[in-house]
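Trainee: Dropping a structure here in structure tokens format, bear with me for questions.
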Amino acid sequence: MTPLAFARAADAAEAIRHGAAARTKYLGGGTNLVDLMRETVERPSTVVDVTNLSRDITERDGGLVIGGAVRNTAVAEHPLVRTRYPMLSRAILAGASAQIRNMATVAGNILQRTRCAYFYDNEGSRCNKRSPGEGCDALEGFNRMHAILGASPSCVATHPSDMCVALAALDATVTVQNADGNRTIPLEGFHQLPGERPDIETVLKPGDLITAISIPALPFATNSTYRKVRDRASYAFALVSVAGAIEVDDGTVKNVRLALGGVAAKPWRAHKAEAALRGQPATLQSFRAAAEAELSAAVPLQHNAFKIELAARTIAAVLGELSGATE
Ligand code: SF4
């Protein structure tokens, strides 16, 4: 067993003081970090419990500010999340189990790591994310769950969060605090594609603490949803997921938001599909064409080519459901 120190932070300043030390990890609900420590993928020397930090959900300028320590269940059940951003409520409820959602925090959800099986197999598999330069056993291995967009020869892992897919579609921002003060990072730019350094997963610096996420006002997001396609009905990660919102005016797409999960190392905002749809007829043909535009850059691995068609169908189905289009 590797010994470690444990501290419980009373506020953000105390957490950041601890976090400045090397090999310190912040502990939210522990629903991923503890697994990683058990598998010896993570070996912190100090763990700082930050669950006493902000648990508030407050309105601001027609949007919401959600504290980093708010539990996932509290976000999903909040009346303003359910009415203004149903895609976010549904995305969270599609993730994990009720017990895990009751423990998991917003900040921890954003920072959860891939569930690539080779990444967790610290004894027997090569993994560039765990040990840079070692190689990637997923490339020639069982890669059915892996990425079709934005991957690299170094890593083809996917990001596992459902919540982050909705946050990317909603233009959410992440507030980060360190000893120098606060800064705000768009959720879409928070996670990084693997390139040659898949071990660098976010733009966070050592000691940075996520204190809140902010979701701007988006009136048409009342007409939004999240659809997750997976191997079984619950407690499974997405093969493909889609967060979508659409506003249709006189049969024409006026506004649309789309993001995909299960396809890349980050929540994948579907900008090409959005651009292809604005001003077009709100028909299933338009939705399908937009999906194909987005997926034109997809590169399948040996076992996951099905994801391209699955993603295209799911995008069209979600937009069809939200718009009422039948042809
Ligand atoms: Fe590691 Fe990424 Fe390869 Fe999985 S896909 S084994 S996380 S390098």
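Trainee: Please specify each residue of the stretch 97-125 satisfying the condition of being touching a residue at least 24 places away in the same chain (Cβ under 8 Å), hydroxyl-bearing (S, T, Y) and either more than 16 Å from the ligand (Cβ to nearest atom) or closer than 23 Å to A305 by Cα (or both).
Mentor: Within the stretch 97-125, S97, T105, T114 meet the criteria.
Trainee: Where residues in the stretch 172-188 are surrounded by 12 or more Cβ atoms within 10 Å (Cβ to Cβ) and of a type in the set (D, E, K, R), which of them is farthest from A21 (Cα to Cα)?
Mentor: E188
Trainee: Additional query: Which condition breaks for G62 when tested against (1) of a type outside the set (A, V, I, L, M, F, W, C); (2) within 16 Å of the ligand (Cβ to nearest atom); (3) touching a residue at least 24 places away in the same chain (Cβ under 8 Å)?
Mentor: Unmet for G62, out of (1) of a type outside the set (A, V, I, L, M, F, W, C); (2) within 16 Å of the ligand (Cβ to nearest atom); (3) touching a residue at least 24 places away in the same chain (Cβ under 8 Å): (2).
Trainee: Against the conditions (1) buried (at least 17 other Cβ atoms within 10 Å of the Cβ); (2) under 20 Å from D56 (Cα atoms); (3) among the small types (G, A, S), where does A217 fall short? Just the number, please.
Mentor: Result: A217 fails condition (1) only.
Trainee: Sticking with this structure for a sec: Test N128 against the stated conditions and say whether it is modelled with pLDDT of 95 or more, outside the structural domain of A238 (by TED's automatic domain parsing), touching a Ser or Thr at 6+ places or on another chain (Cβ under 7 Å) and more than 16 Å from the ligand (Cβ to nearest atom).
Mentor: It is false that N128 is modelled with pLDDT of 95 or more, outside the structural domain of A238 (by TED's automatic domain parsing), touching a Ser or Thr at 6+ places or on another chain (Cβ under 7 Å) and more than 16 Å from the ligand (Cβ to nearest atom).
Trainee: Something else about it: Check the stretch 167-176 and report whether any residue there is more than 14 Å from the ligand (Cβ to nearest atom), in contact with a Ser or Thr (Cβ under 7 Å, 6 or more places away or on another chain) and among the hydroxyl-bearing types (S, T, Y).
Mentor: So far as the stretch 167-176 goes, yes, one or more of its residues are more than 14 Å from the ligand (Cβ to nearest atom), in contact with a Ser or Thr (Cβ under 7 Å, 6 or more places away or on another chain) and among the hydroxyl-bearing types (S, T, Y).
Trainee: Please enumerate the residues belonging to the stretch 280-298 that are under 12 Å from A316 (Cα atoms) and either in contact with a Gly (Cβ under 7 Å, 6 or more places away or on another chain) or not assigned by TED's automatic domain parsing to the domain that holds A317 (or both).
Mentor: Result: A282, L284, F287.
Trainee: What about K266, is it touching an Asp or Glu at 6+ places or on another chain (Cβ under 9 Å) and within 16 Å of the ligand (Cβ to nearest atom)?
Mentor: Criteria met by K266.
Trainee: Going through the stretch 250-264 one residue at a time, which ones are of a type in the set (D, E, K, R) and either under 19 Å from the mean Cα position of the chain (by Cα) or at pLDDT below 95 (or both)?
Mentor: Selection gives R257 alone.
Trainee: Checking A151 against (1) within 30 Å of A312 (Cα to Cα); (2) out of contact with any strand residue (DSSP E or B) (no Cβ under 8 Å at 6 or more places or on another chain); (3) away from the ligand (no atom under 16 Å from the Cβ), which test does it fail?
Mentor: For A151, the exception is condition (3).
The values are calculated or read from the model by the stated rules, or taken from the named source; none is laboratory data. If you're wondering where the values come from, they're calculated on a predicted model, not measured in any experiment. In this analysis, Cβ positions are derived from the backbone assuming ideal geometry, glycine residues included, and neighbour counts consider all displayed protein chains.
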